[in-house]
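Enquirer: I'd like to ask some things about the structure below.
Only the coordinates and a few stated rules stand behind these numbers; no lab work does. From a predicted model like this one, the values you see are computed outputs, not experimental measurements. No Cβ is skipped: glycine too gets one built from the backbone with ideal geometry, and neighbour counts run over all protein chains shown.
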Amino acid sequence: MSTTPAWVEIDAGAIAHNLDLVRREFGTATRLCGVVKADAYGHGITAVLPILTAAGVDVIGITSNAEAAEARRLGFSGRIIRLRAALREEVQEGGLLDIEEWVGGGDHARVVSAAARSLGRPVRVHLSLNSTGLSRDGMDWDDPQSQLHLRRIAVSPELTVVGICSHFPCEDADDVRTGALTFRNQACAAERLLGAPRGFLEKHCATSYAALTVPGSRMDMVRIGAALYGDTSAAAPGLRPAMRLVSRIAAINRYPAGSTIGYDRAGRLDRAGRLAVVPLGYADGYPRVLGGRASVLVRGTFAPVVDRLAMNSLIVDVTHVPSADAGDEVVLYGRQGSAQIHAADIEQASGTIAAAAYTAWGRLNARVVVNVPVYEPTPTP
Ligand SMILES: *Cc1c(COP(=O)(O)O)cnc(C)c1O
């Protein structure tokens, strides 16, 4: 039990299990990029990276230099791909970390080139195409400038193109199927314009949902985040959620019928009741919108969050859990006994994706790693 008021518990065994499951599904011939951006979706690179490397994953996806630096500090010697367009300063400051950059368009290629000139060496890049219609950081094929851009990139001494990539806007099978086909065609054409031999450049577009739902989207590499952490909308039986958000009851009070509850008097007791205060609030990443809408688990029983949330506390009605007491564990996300708060519950109550919440929980609260797999030491000859 942690001594901090709230903490996230990371189930390392669940991540190892999920990785094993998706690798069986994809086969070992499909290269897997383990996505650890946002500090491994809040689960912590420090906890997640050893699981990936023990399973032979030698490519990871990050967004910040801090994540790449942490991976290198942990001894990761594999490839690191940045999964978004970087600022010029980021490319320069990440120079020693050997990051493969995501080139998000023809003009952005110039930005990365400029950084490479300052670094005094070429930068390996993945050229992003807007084949899927994300319209975020990819080169649009129908733009008359794109062929010029490609020819310029092809002869640039500062850029070494190693891959061509895209990213899907929707978790919808038909949308992914169409986007993957368009990407395949455009990526092959881009490869020709870049003057690379056919099949030379690594082509990749699939996320967890795409790779698990449309095998044709897997191509040379799949970039897997959500499935590792057990939170994907793909039909993938057997994936286990790897995070619990846990706190404890600090105090319980009895209040009469008619009492209003919390800020703005947003809640109201229609009978005498027992209210528990839990030392976790919106500043700790629990979305304020969940006040009055979500439930938590106390003694294996669902109990509603009845106030509008304070900065560092929230109020739970435990009238129907007579045994509830100060010090009891409160689970706000994940399993307690045979009951569970699922990602879908958080999504329904908050109206947004669960990742928007749990990526913050992991970074704002203490992390406790449990169930760490024991790896056989490599025998020395
Ligand atoms: C986050 C991200 C991924 C991983 O997506 P999941 O759905 O979490 O598997 C892949 N590619 C890019 C570009 C990303 O930003």
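Enquirer: Using only Cα atoms, find the angle between the long axis of helix 173-193 and the longest principal axis of the chain, and express it within 0 to 90 degrees, rounded to the nearest 10.
Expert: In the chain, helix 173-193 runs at an angle near 30 degrees to the longest axis.
Enquirer: What ranking do 359-366, 247-254 get when scored by the average of other Cβ atoms within 10 Å per residue, highest first? Working shown, then result.
Expert: Numbers: 359-366: 18.9, 247-254: 16.5.
Highest mean packing first, the order is 359-366, 247-254.
Enquirer: Between A154 and D325, what length comes free when the chain is fully extended (0.36 nm per residue of separation minus the Cα-Cα distance, one decimal in nm)? Display every interim value, and only then the final one.
Expert: Numbers: separation 171, 0.36 × 171 = 61.56 nm, distance 6.73 nm.
54.8 nm is the gain from fully extending A154 to D325.
Enquirer: Nothing charged except the Cβ atoms of Lys and Arg (+1) and of Asp and Glu (-1): what's the magnitude of the dipole of the chain about its Cα centre? Round to the nearest 20 debye. Intermediate values should be presented prior to the final figure.
Expert: On the way: 39 positive and 39 negative charges, 26 e Å.
The dipole of the chain has a size of about 120 debye.
Enquirer: What is the set of long-range amide H partners of W102 at a cut-off below 5 Å, with H atoms built 1.01 Å from backbone N?
Expert: Under 5 Å from the amide H of W102 lie the amide H atoms of R82, R84, A86, H126, each far enough along the sequence or on another chain.
Enquirer: Right, something else. Charges at C-beta only: +1 for Lys and Arg, -1 for Asp and Glu. How large is the resulting dipole of the stretch 12-229 about its Cα centre, in Debye rounded to 20?
Expert: Details: 24 positive and 25 negative charges, 116 e Å.
Here the stretch 12-229 has a charge dipole of around 560 debye.
Enquirer: So what J values fall out for the stretch 297-311 if you push phi through Karplus, 6.51 cos²θ - 1.76 cosθ + 1.60 with θ = phi - 60°, rounded to Hz, Gly and Pro as x?
Expert: So the J values, rounded to whole Hz, are 10, 10, 6, x, 10, 6, 9, x, 7, 10, 10, 8, 6, 9, 4.
Enquirer: Given the C-alpha atoms of the chain, compute the convex hull and give its volume per residue in Å³.
Expert: Residue-normalised Cα hull volume stands at 164 Å³.
Enquirer: Which of rounded, prolate or oblate describes the stretch 214-290 when judged by the alpha-carbon gyration tensor and an a/c cut-off of 1.5?
Expert: Working: a/c = 3.47, a/b = 3.22, b/c = 1.08.
It is prolate, given that a/c is not under 1.5 and a/b is the larger ratio.
Enquirer: Pairs of Cα atoms under 8 Å, at least six residues apart: use those to get the relative contact order of the chain, whole percent. Please list the in-between numbers first.
Expert: Working: 828 pairs, mean separation 70.2, N = 381.
This gives 18 percent for the chain.
Enquirer: Rounded to whole Å and ordered largest first, report the semi-axes of the equivalent ellipsoid of the stretch 12-229 derived from its Cα gyration tensor (root of 5λ).
Expert: Working: eigenvalues 141, 98, 37 Å².
Over the Cα atoms of the stretch 12-229, the ellipsoid semi-axes are 27, 22, 14 Å.
Enquirer: How many nm separate the modelled label positions at R73 and A344, each set 7 Å beyond the Cα in the direction of the Cβ?
Expert: Taking the simple label geometry, R73 and A344 are separated by 3.9 nm.
Enquirer: For T260, T232, what ranking results if the residue with the fewest other Cβ atoms within 10 Å of its Cβ goes first? Don't skip to the answer; put the middle values down first.
Expert: Values: T260 13, T232 23.
Ascending Cβ contact count within 10 Å gives the list T260, T232.
Enquirer: Per residue of the stretch 250-257, in order, report the coupling 6.51 cos²θ - 1.76 cosθ + 1.60 (Karplus, θ = phi - 60°) as ³J(HN,Hα) in whole Hz, putting x for Gly and Pro.
Expert: Couplings: 8, 8, 10, 10, 9, 10, x, 3 Hz.
Enquirer: For the chain, what does the helix formula give at 222 nm: sum of -39500 (n - 2.57) over DSSP H segments with n ≥ 4, over the residue count, nearest 500 deg cm²/dmol?
Expert: It comes out at -9000 deg cm²/dmol, rounded to the nearest 500.
Enquirer: Which order do I261, I346 fall in if you start with the one that has the fewest other Cβ atoms within 10 Å? If you can, show how the numbers build up before the last one.
Expert: Values: I261 20, I346 25.
By the 10 Å Cβ count, ascending, the order reads I261, I346.
Enquirer: Toward the positive end of the charge dipole of the stretch 243-341, about the Cα centre and with charges on Cβ (Lys, Arg +1; Asp, Glu -1), which of G267, V316, S338 goes farthest?
Expert: Of G267, V316, S338, it is G267.
Enquirer: In whole Hz, with x marking every Gly and Pro, tabulate ³J(HN,Hα) for the stretch 54-67 from phi via Karplus 6.51 cos²θ - 1.76 cosθ + 1.60, θ = phi - 60°.
Expert: 4, 8, x, 6, 10, 9, 10, x, 10, 10, 9, 4, 4, 5
Enquirer: Note the angle between two axes, namely the Cα long axis of helix 354-364 and the longest principal axis of the Cα atoms of the chain, as a number of degrees from 0 to 90, rounded to the nearest 10.
Expert: With rounding to tens, the tilt is 80 degrees.
Enquirer: For the pair R293 and R117, what calculated FRET efficiency results from E = 1/(1 + (r/R0)^6), where r is the Cβ-Cβ distance and R0 = 45 Å, to the nearest 0.05? Please report the intermediate quantities before stating the final value.
Expert: Values: r = 52 Å, r/R0 = 1.17.
My answer for the efficiency is 0.30.
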